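Colleague: Questions regarding the structure given below will be posed in turn.
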Amino acid sequence: MLLSDLTTAFMLLTRLPVGRFARPEVAPDMARCVWAFPVVGSVVNLAAGLVYWLARDAGLPPLLAAAWTMVAIALLTGALHEDGLADTADGFGGGATPARKLEIMRDSRIGSYGALALLLSVVVRVAAITTLDQPRAVVIALVLAGMLGRSAMVVLLLLLQPARRDGMGASVAKPPIGSAAVGLGVSIAASFVLLPLRPALAAVVFGAGASLLLARMAAARIGGYTGDVLGATEMVTECVALTALAGAFSA
C-alpha cells in the first residue's frame, strides 16, 4: 500500500517514469496518497537543489545557477503547478462570475494575469535562492518549501469541495483524515528538524497563511477547488516559504 501511494503521488505530481513500479493488483487511491505529497515535493526540490549545488561548484554565478534550478523543477514536474498558477490567475482575475472563471481556467491560452503570475513566481524563487546563495542552505530551503507547498494542497482538499464534477481536482476527492494528518505532520516536523526555530516558524506560519488565503479565495470565487487551484496553491505557498526562509536567514 505504501509503494502504491508513493507511485500514485509521483504520477499525479511529476513527470517521472514511475509507472513501472505500480502494482496492477492494487488500485491507485488518489485520496489516500496525499500523505506522500510532501515526499514528492522533497524529492523534486532535492534534485533541483543539487543542480544548484553542482552549478555553483562548477563556477556559475548564483543567478545563473538559480535559473538552471528552475529549469530542473520544470522538467521534473512538467511545469504542472506553474500551469495551474497561470490558469487560476487568469480565471480569478478575468471572470465576472464563478462559471465564467471556471471557463477561463479551462482555456489553454494564457492571458495577462497568468503571464504575470508565472513571471513573478520565477522571479521570487530565483531571488530567494540567490539571497540564500550557500548551496547547503539552498538545498534545505528548496526541500522544505517543496514539502510545504505540496502540503498546502492537502489543506484545500480538506477544507473545500471540488468546484467541478470532473477534472483532476474532483478525481482526488477529500482525503482520509489520517493520510492528511501524516502529510501535514511530515512537513511541519521536517521544518523543525532541519532548521533553527526562527526560520522553521517563519516557513510554517507563512506557508500555512498562504494556503488558508488561497482556500478562502477559491471558496469565494468559484465555490471550491480545481486541479488548477491546487497547483496555484502549491506554487504560491512554495514562493512564500522560500521568501520567509531567505528573509529569516539574511536577517
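The values are calculated or read from the model by the stated rules, or taken from the named source; none is laboratory data. The structure presented is a predicted model; accordingly, all values stated were derived computationally and were not measured. Note: ideal-geometry Cβ built from the backbone for every residue, glycine included; neighbour counts use all protein chains shown. Heads up: the accessible areas ignore ligands, DNA and RNA and are worked out on the full protein's heavy atoms, side chains in. Shrake-Rupley method; radii C 1.70, N 1.55, O 1.52, S 1.80 Å.
Colleague: Identify all residues within region 88-102 that are farther than 12 Å from residue 117 by Cα and either out of contact with any Lys or Arg (no Cβ under 7 Å at 6 or more places or on another chain) or hydrophobic (A, V, I, L, M, F, W, C) (or both); write none if there are none.
Modeller: 94, 96, 97, 99, 100, 102
Colleague: Scan region 54-83 residue by residue and report those that are touching a residue at least 24 places away in the same chain (Cβ under 8 Å), within 13 Å of the chain's Cα centre (by Cα) and assigned to a helix (DSSP H, G or I).
Modeller: 73, 76, 77, 80, 81, 82, 83
Colleague: Regarding region 229-244, can at least one residue be identified that is without any contact (Cβ under 8 Å) to a residue 24 or more places away in the chain, out of contact with any Ser or Thr (no Cβ under 9 Å at 6 or more places or on another chain) and over 13 Å from residue 41 (Cβ atoms)?
Modeller: no
Colleague: Residue by residue through region 170-187, note down the ones that are touching a Phe, Trp or Tyr at 6+ places or on another chain (Cβ under 6 Å) and surrounded by 24 or more Cβ atoms within 10 Å (Cβ to Cβ).
Modeller: Across region 170-187, the qualifying residue is only 183.
Colleague: I'm trying to understand the selection: among the residues of region 188-218, which are open to solvent by 30 Å² or more (accessible area, probe 1.4 Å) and touching a residue at least 40 places away in the same chain (Cβ under 8 Å)?
Modeller: Hits for region 188-218 are 194, 198, 208, 212, 217.
Colleague: Is it true that residue 136 is at pLDDT below 95, out of contact with any strand residue (DSSP E or B) (no Cβ under 8 Å at 6 or more places or on another chain) and open to solvent by 20 Å² or more (accessible area, probe 1.4 Å)?
Modeller: no
Colleague: Shifting gears a bit: Please find, among 184, 212, 242, the residue that is under 22 Å from residue 78 (Cβ atoms) and at pLDDT 95 or above.
Modeller: 242
Colleague: Just name the residue that is least open to solvent (accessible area, probe 1.4 Å) out of those in region 107-133 that are free of Cβ contacts under 8 Å to residues at least 60 places away in the same chain and not in a helix (DSSP H, G or I).
Modeller: Filtering region 107-133 for residues that are free of Cβ contacts under 8 Å to residues at least 60 places away in the same chain and not in a helix (DSSP H, G or I), the one least open to solvent (accessible area, probe 1.4 Å) comes out as 111.
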